[in-house]
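The values are calculated or read from the model by the stated rules, or taken from the named source; none is laboratory data. All figures in this text were calculated on a predicted structure; none of them were measured in a lab. Here Cβ is always computed from backbone atoms with ideal geometry, including for glycine, and neighbour counts include all displayed protein chains. Only protein heavy atoms, including side chains, enter the accessible area calculation; ligands, DNA and RNA are left aside. Shrake-Rupley method; radii C 1.70, N 1.55, O 1.52, S 1.80 Å.
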Amino acid sequence: MLNIRLATPDDIPDILAFIRELADYEKEPASAVATHADLLRDGFGPVKGFHCLVAEWQGKPAGFALYFFNYSTWRGHAGIYLEDLFVRPAFRGKGIGKGLLSAVAAVAVAEGCPRLEWAVLDWNQPAIDFYNSLGADPLTEWTIMRVSGEALPALAHLAQS
């Protein structure tokens with residue numbers, strides 16, 4: 001049976017494993033550099049940078065959803081950004097992904113959030129189809145932008161000029 005619950009610090013090894021498995025699936029294994037200490041500090045410390053739900057199937061770790069609150073200036077309210085949703089391949093087709101996503105949606109509704117957002121890789125058609133089946137709308141007019149690596153301190157240096 002499926003059990004979805006809030007993660008605890010004891011779940012960090014499983015969360016790290018999920019993160020690495022997701023990075024492998026997304027063809028970016030070297031990019032997953034988060035550590036136990038990082039997750040402990042940011043998810044279970046006095047200031048939470050994220051929240052996490054863990055899905056267990058018959059007592060075995062099957063997947064997770066990691067999310068955080070953002071803010072919509074247009075809506076004047078916090079929303080939720082789903083950073084990661086992952087179900088191990090052996091557990092797919094059992095409603096676990098739908099259970100995790102609906103649990104995050106329930107948090108959004110309980111908190112009065114007007115929206116729940118996430119990104120999906122454009123080549124991941126099974127995920128896109130899954131999200132569409134649940135009523136998600138692709139925001140095709142938006143492009144995600146990122147500053148990282150050497151570009152981030154270079155941009156920050158401009159503030160000092």
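Classified by the C-alpha gyration tensor, the chain has a rounded form. Its axis ratio a/c, with a ≥ b ≥ c, is below 1.5. Over the C-alpha atoms of segment 110-161, the Rg to Rh ratio, Rh being the Kirkwood estimate, stands at 1.17. Overall, the accessible surface of the chain at a probe of 1.4 angstrom is composed of carbon and sulfur to the extent of 58 percent.
Within the shell defined by Cβ-Cβ distances under 15 Å, the residues around E28 carry a net charge of -3, with Lys and Arg each +1 and Asp and Glu each -1. The candidates Y131, Y81, arranged from most to least accessible area with a 1.4 Å probe in the full protein assembly, appear as Y81, Y131. Hydrophobic long helices, here whole DSSP H runs in the chain with Kyte-Doolittle means of at least 1.6 and Cα atoms spread over 15 Å or more along the helix axis, are found at 96-110.
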